[in-house]
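Participant: Mind having a look at this structure? Questions to follow.
The values are calculated or read from the model by the stated rules, or taken from the named source; none is laboratory data. These figures come from a predicted structure and were not determined experimentally. Heads up, the Cβs are rebuilt from the backbone with ideal geometry, glycines too, and the neighbour counts pull from every protein chain shown.
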Amino acid sequence: MLIDAETAHHAALNFLRAIQGFPPALGLARLCYRQKPEKELAVKLAGLEFPNPVGLAAGWDKDALASEALSAFGFGFLELGTVTRWPEKGHPRPRIFRSFKDQWIVNRVGFANDGAEAVAGRLKRIDPKGKTVVGLSVGKMLASHPKRLIPEAVSIMEMCYSYVSFFSLNVSSPNTPQGFKMGGRGFLEESLRELSAQNQHIAQRLGQSPKPLFVKISPTVSLAEVDELARVIRGSGVSGVIAANSMATPRGGLSGLPLQLIALKMTARLRSRLAGSVPIIGVGGILTPRDAWQRVLAGADLIQIFSGFVFRGPGFVRQILSYCLDQMHKEGFSNISQACGAKADYYAR
């Protein structure tokens with residue numbers, strides 16, 4: 001009997017939570033999976049220092065349940081969430097489907113999570129001396145009007161501000177109704193400017209430096225719309241862009257192999273239009289170490305994995321880092337940032 005994909009995912013999360021409570025097991029995981037730190041792989045971006053460029057995409061650990069165990073696998077950063085202001089049940093099950101053979105995942109979970117208050121409590125307990133950068137993806141409640149996006153996001157940020165290194169705004173999830181459309185009469189531009197201003201206010205009230213803000217965009221836009229997105233992002237005050245979210249289909253958000261070429265080309269196009277002025281986190285269809293290297297060459301300052309982590313397991317991070325290190329030496333790059341965007345024009349065609 002096949003196990004439901006969501007049940008299997010929760011089983012994996014529970015196993016990782018158990019590891020967190022048993023230090024010898026956590027130490028063994030670090031020994032087996034974590035890449036030896038290499039200064040050539042370190043990335044400085046948006047005021048943050050990443051030990052390496054490989055991150056875990058949002059959606060894998062929505063509720064900040066297993067961040068310590070996930071860090072043991074060698075990730076340079078984790079994007080937890082997406083989190084909403086209040087607990088969200090999401091859509092009815094079954095709502096996650098996947099094919100190991102064809103390397104795709106479809107999900108229509110709909111931001112099911114424990115809510116900002118519960119997640120803030122867990123984030124508070126994360127060891128601040130850990131080397132993995134932790135960020136949080138924020139979104140609106142399913143039933144909320146799009147205009148509630150920023151007020152709800154600000155409320156989440158206020159609750160979690162002291163416990164994470166960056167925030168990302170999820171405006172492009174295919175699992176939420178009334179999502180952002182390019183024809184939305186400046187909705188994205190206004191939202192990003194407002195959130196950037198609120199970010200400054202929150203930091204000032206708390207006596208902290210403003211947190212970097214990233215915006216996650218959809219892959220289902222034309223090249224002309226990508227150019228318009230680049231213009232909006234450049235003038236919005238955000239720290240970077242995550243390209244790209246899962247693709248909208250009738251069954252739900254599609255990720256994995258079908259998204260690979262679309263996300264690669266989108267990354268390269270953004271890189272050519274932004275000219276390095278705004279950092280890019282590349283995600284979508286990174287299923288082999290070679291895919292990861294191509295995404296860097298296309299213009300991604302950092303990369304994220306999700307489907308690749310599901311299909312290849314915890315050793316995938318180390319495989320990517322080892323491959324990138326080898327390719328850097330073969331192609332004459334002294335560090336990973338030097339390789340970023342080296343073939344953007346080629347992949348943008």
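Participant: Look at G55 and say whether it is in a strand (DSSP E or B), among the small types (G, A, S) and under 20 Å from the mean Cα position of the chain (by Cα).
Facilitator: On the way: in a strand (DSSP E or B): yes; among the small types (G, A, S): yes; under 20 Å from the mean Cα position of the chain (by Cα): yes.
The answer is yes for G55.
Participant: Another question, then. Select from segment 227-244 the residues that are outside any loop (DSSP other than H, G, I, E, B) and closer than 26 Å to L48 by Cα and list them in ascending order. Write out each step before concluding.
Facilitator: Of the residues in segment 227-244, the ones outside any loop (DSSP other than H, G, I, E, B) are 227-234, 240-243.
L229, A230, R231, V232, I233, R234, G240, V241, I242, A243 - these are the residues of segment 227-244 that are outside any loop (DSSP other than H, G, I, E, B) and closer than 26 Å to L48 by Cα.
Participant: Check T267 against each of (1) under 19 Å from the mean Cα position of the chain (by Cα); (2) of a type in the set (S, T, Y); (3) assigned to a loop (DSSP other than H, G, I, E, B) and name the one condition it does not meet.
Facilitator: (3)
Participant: How do the pairs read when you match residues in segment 221-239 that are within 16 Å of G276 (Cβ to Cβ) with residues anywhere that are hydroxyl-bearing (S, T, Y) and surrounded by fewer than 21 Cβ atoms within 10 Å (Cβ to Cβ), using Cβ under 7 Å and keeping only pairs 6 or more apart or on different chains?
Facilitator: What qualifies is R234/S277; V238/S196.
Participant: Please work out which residue is farthest from P279 (Cα to Cα), limiting yourself to segment 245-260 and to residues that are hydrophobic (A, V, I, L, M, F, W, C), in contact with a strand residue (DSSP E or B) (Cβ under 6 Å, 6 or more places away or on another chain) and not in a helix (DSSP H, G or I).
Facilitator: Kept after step one, since they are hydrophobic (A, V, I, L, M, F, W, C), are these residues of segment 245-260: 247-248, 254, 257, 259.
Then drop every residue that is not in contact with a strand residue (DSSP E or B) (Cβ under 6 Å, 6 or more places away or on another chain), which leaves 247, 254, 257, 259.
Still in the running and not in a helix (DSSP H, G or I): 247, 254.
Details: M247: 22, L254: 25 Å.
Here the answer is L254.
Participant: Moving to a separate point now. Condition first: small (G, A, S) and within 22 Å of K265 (Cβ to Cβ). Now tell me which residues in segment 328-346 satisfy that. Please lay out each step first, then the result.
Facilitator: At the first step, the residues of segment 328-346 found to be small (G, A, S) are 332, 334, 337, 339, 341-342, 344.
Once the filter is applied, which keeps residues that are small (G, A, S) and within 22 Å of K265 (Cβ to Cβ), segment 328-346 yields S337, A339, G341, A342, A344.
Participant: From the set of residues in segment 140-173 that are under 23 Å from S255 (Cβ atoms) and touching an Asp or Glu at 6+ places or on another chain (Cβ under 7 Å), which is modelled with the lowest pLDDT?
Facilitator: L142
Participant: Got a number for residues in segment 104-141 being assigned to a strand (DSSP E or B) and either aromatic (F, W, Y) or within 22 Å of A42 (Cα to Cα) (or both)?
Facilitator: Initial filter on segment 104-141 (assigned to a strand (DSSP E or B)): 104-107, 113, 133-138.
Now restrict to residues that are either aromatic (F, W, Y) or within 22 Å of A42 (Cα to Cα) (or both): 104, 133-136.
Residues in segment 104-141 being assigned to a strand (DSSP E or B) and either aromatic (F, W, Y) or within 22 Å of A42 (Cα to Cα) (or both): 5 in total.
Participant: Can I ask one more? Which of (1) assigned to a loop (DSSP other than H, G, I, E, B); (2) in contact (Cβ under 8 Å) with a residue 60 or more places away in the chain does W86 not meet, given it meets every other one?
Facilitator: (2)
Participant: Out of curiosity, is R185 modelled with pLDDT under 95, within 27 Å of V232 (Cβ to Cβ) and surrounded by fewer than 18 Cβ atoms within 10 Å (Cβ to Cβ)?
Facilitator: The answer is yes for R185.
Participant: On the given criteria, is R271 surrounded by 17 or more Cβ atoms within 10 Å (Cβ to Cβ), basic (K, R) and farther than 26 Å from D227 by Cα? Break it down into steps so the answer makes sense when it comes.
Facilitator: Values: surrounded by 17 or more Cβ atoms within 10 Å (Cβ to Cβ): yes; basic (K, R): yes; farther than 26 Å from D227 by Cα: no.
Spelling it out, it is not the case that R271 is surrounded by 17 or more Cβ atoms within 10 Å (Cβ to Cβ), basic (K, R) and farther than 26 Å from D227 by Cα.
Participant: Same structure, new question: With respect to V54, is the statement that it is crowded, with 23+ Cβ neighbours inside 10 Å and out of contact with any Gly (no Cβ under 7 Å at 6 or more places or on another chain) true? First the steps, then the outcome.
Facilitator: Working: crowded, with 23+ Cβ neighbours inside 10 Å: yes; out of contact with any Gly (no Cβ under 7 Å at 6 or more places or on another chain): no.
Spelling it out, it is not the case that V54 is crowded, with 23+ Cβ neighbours inside 10 Å and out of contact with any Gly (no Cβ under 7 Å at 6 or more places or on another chain).
Participant: So is L213 buried (at least 16 other Cβ atoms within 10 Å of the Cβ), over 17 Å from the mean Cα position of the chain (by Cα) and either within 15 Å of V138 (Cβ to Cβ) or modelled with pLDDT of 90 or more (or both) or not?
Facilitator: On the way: buried (at least 16 other Cβ atoms within 10 Å of the Cβ): yes; over 17 Å from the mean Cα position of the chain (by Cα): no; either within 15 Å of V138 (Cβ to Cβ) or modelled with pLDDT of 90 or more (or both): yes.
Judged against the criteria, L213 is not a match.
Participant: Here's another thing I want to ask about it. So, in segment 240-268, of the ones that are closer than 23 Å to D345 by Cα, modelled with pLDDT of 95 or more and touching a Leu at 6+ places or on another chain (Cβ under 8 Å), which residue ends up surrounded by the most Cβ atoms within 10 Å (Cβ to Cβ)?
Facilitator: To start, the set of residues in segment 240-268 that are closer than 23 Å to D345 by Cα comprises 240-245, 257-268.
Okay, now just the ones that are also modelled with pLDDT of 95 or more, so 240-243, 257-268.
Filter once more, so that each one left must be touching a Leu at 6+ places or on another chain (Cβ under 8 Å): 240-241, 243, 257, 260.
Numbers: G240: 21, V241: 26, A243: 31, L257: 19, Q260: 20.
Among those residues, the one meeting the criterion is A243.
Participant: Having 2 or more residues that are out of contact with any strand residue (DSSP E or B) (no Cβ under 6 Å at 6 or more places or on another chain) and closer than 15 Å to L261 by Cβ is the bar; report the helices (runs of 4 or more DSSP H) wholly within segment 287-349 that clear it.
Facilitator: The helices (runs of 4 or more DSSP H) meeting that bar are 289-298, 344-348.
Participant: What number of residues within segment 48-76 satisfy the criterion of being small (G, A, S) and touching a Pro at 6+ places or on another chain (Cβ under 6 Å)? Reasoning before the result, please.
Facilitator: Taking segment 48-76 first, the residues small (G, A, S) are 55, 57-59, 64, 66-67, 69, 71-72, 74, 76.
Those left that are additionally touching a Pro at 6+ places or on another chain (Cβ under 6 Å): 76.
Number satisfying all stated conditions: 1.
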